[in-house]
Ligand SMILES: Cc1cc2nc3c(=O)[nH]c(=O)nc-3n(C[C@H](O)[C@H](O)[C@H](O)COP(=O)(O)OP(=O)(O)OC[C@H]3O[C@@H](n4cnc5c(N)ncnc54)[C@H](O)[C@@H]3O)c2cc1C
């Protein structure tokens, strides 16, 4: 009998034996929250493209999951592995819901926690941990995604203030955020600012017509002579290493999250092939089906092992960016392959929102692109192995 809500796919390799009792209990709690509170609504949120992010943030905050891997300021200081497992369970429901947790905790809160002043941490983090304040992370621009070093957003000194000008695109939650982490080019190099979105000259607009990550708010924002005091500048961040450190945190969550999405596809498919009859017997009884299912379960198990290994490295404080790239590249790529393969087994039913598979497949197209595209991660790994940068 599975314990801690362990799923069929998870029992194949008994990977739960690698987890502590506390981690299993946390996973079980988040899985239950996902199944009871989120899953019944997620297809509707995806279809309408309207998701109650503010309400959900407060509920998720009450569970202690926002910025959970940070210490102090209302954050619980959990292990990296525990945080990864939370991402996994959120993404088993929908990548958009995991994005909410990642962007809030790993991008916006991490930036303030890691690079901010004591005053900034006190000002923003407790409310963000509670989900009462929403943060966003503005790095990508219309013309600069994979190459953020080309950014055109500027920060210019004016007495003791800074004047920000520019625009950011594809920014999760910007149109509903209370604070935007803005990365801008200054004479000193790239700087980060915690900008209250109520500041005059800041305007954000939700981006619509997405066919992926529909249960997530994606926005663009402009900065039109936005004046902020020097106290809004993140004092610890100088150069691209500022935003890149945050991205590495969020990518780590995706390594686990993608496993959740793939697991959910495979679980749904296993249930389907057991009852769907073709040519007078269940689809599960055909060798072609079993070959697909076995291959997917093998890849899923490998992805889970990789995630847990990276979790261990991170908990030991010795994870390197190229190792996170290995995890992000492999796990998202394989999750997407699994989602597409599951879709074939569901036939026409596979394209409807009655099953989670096409929703996960569509979402994973975004996950493949954001937080560093697959190609960017190949280049990071290639550089680590050869010593030669091939970005240009
Ligand atoms: C739903 C969603 C939410 C997002 N949320 C955020 C957010 O909250 N904050 C934020 O800042 N950004 C966010 N992004 C933006 C995301 O990070 C970028 O889309 C991503 O970095 C890729 O940039 P791009 O879309 O401009 O693609 P491009 O950089 O234009 O890349 C296009 C193609 O070129 C390839 N390519 C790029 N450089 C090279 C190279 N040197 N060699 C070979 N191939 C290369 C890429 O791999 C890709 O295949 C989000 C994106 C999406 C879709």
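Could you check segment 71-120 and list, in sequence order, the residues that are in contact with a strand residue (DSSP E or B) (Cβ under 7 Å, 6 or more places away or on another chain) and either without any contact (Cβ under 8 Å) to a residue 12 or more places away in the chain or not in a loop (DSSP other than H, G, I, E, B) (or both)?
77, 99, 103, 104, 107, 108, 109, 111, 112, 115, 120
For the structure I just gave you, tell me whether residue 353 is assigned to a helix (DSSP H, G or I) and either surrounded by fewer than 16 Cβ atoms within 10 Å (Cβ to Cβ) or within 15 Å of the ligand (Cβ to nearest atom) (or both).
It is false that residue 353 is assigned to a helix (DSSP H, G or I) and either surrounded by fewer than 16 Cβ atoms within 10 Å (Cβ to Cβ) or within 15 Å of the ligand (Cβ to nearest atom) (or both).
Select from segment 207-231 the residues that are in contact with a strand residue (DSSP E or B) (Cβ under 7 Å, 6 or more places away or on another chain) and within 16 Å of the ligand (Cβ to nearest atom) and list them in ascending order.
Listed by number, the residues that qualify are 207, 210, 216, 217, 218, 219, 220, 221, 222, 223.
Here are 256, 193, 252: which of them is over 30 Å from residue 335 (Cα atoms), touching a helix residue (DSSP H, G or I) at 6+ places or on another chain (Cβ under 7 Å) and at pLDDT 95 or above?
Among 256, 193, 252, only 193 is over 30 Å from residue 335 (Cα atoms), touching a helix residue (DSSP H, G or I) at 6+ places or on another chain (Cβ under 7 Å) and at pLDDT 95 or above.
Which of the following residues is in a loop (DSSP other than H, G, I, E, B), buried (at least 16 other Cβ atoms within 10 Å of the Cβ), touching a residue at least 12 places away in the same chain (Cβ under 8 Å) and within 16 Å of the ligand (Cβ to nearest atom): 204, 237, 261?
237
Can you find a residue that is out of contact with any strand residue (DSSP E or B) (no Cβ under 7 Å at 6 or more places or on another chain), more than 12 Å from the ligand (Cβ to nearest atom) and modelled with pLDDT of 95 or more anywhere in segment 135-150?
No, segment 135-150 contains no residue that is out of contact with any strand residue (DSSP E or B) (no Cβ under 7 Å at 6 or more places or on another chain), more than 12 Å from the ligand (Cβ to nearest atom) and modelled with pLDDT of 95 or more.
Could you grab me the full set of residues in segment 69-109 that are within 15 Å of the ligand (Cβ to nearest atom) and out of contact with any helix residue (DSSP H, G or I) (no Cβ under 8 Å at 6 or more places or on another chain)?
99
When segment 121-177 is examined, which residues are found to be at positive phi and either assigned to a strand (DSSP E or B) or surrounded by 17 or more Cβ atoms within 10 Å (Cβ to Cβ) (or both)?
If the condition is that a residue be at positive phi and either assigned to a strand (DSSP E or B) or surrounded by 17 or more Cβ atoms within 10 Å (Cβ to Cβ) (or both), then 131, 166, 170, 173 are the ones that fit.
Quick test for you: out of 294, 307, 271, 303, pick the one residue that is under 23 Å from residue 172 (Cβ atoms) and either assigned to a helix (DSSP H, G or I) or away from the ligand (no atom under 16 Å from the Cβ) (or both).
Step by step, each of 294, 307, 271, 303 is checked, and only 307 is under 23 Å from residue 172 (Cβ atoms) and either assigned to a helix (DSSP H, G or I) or away from the ligand (no atom under 16 Å from the Cβ) (or both).
From the list 371, 365, exactly one residue is within 15 Å of the chain's Cα centre (by Cα), modelled with pLDDT of 95 or more and part of a loop (DSSP other than H, G, I, E, B). Which is it?
None of the other options fit; the residue is 371.
Out of (1) away from the ligand (no atom under 16 Å from the Cβ); (2) within 30 Å of residue 374 (Cα to Cα), the odd one out for residue 131 is which?
(2)
The values are calculated or read from the model by the stated rules, or taken from the named source; none is laboratory data. The structure presented is a predicted model; accordingly, all values stated were derived computationally and were not measured. Cβ: placed from backbone, ideal geometry, glycine included. Neighbour counts: every protein chain shown.
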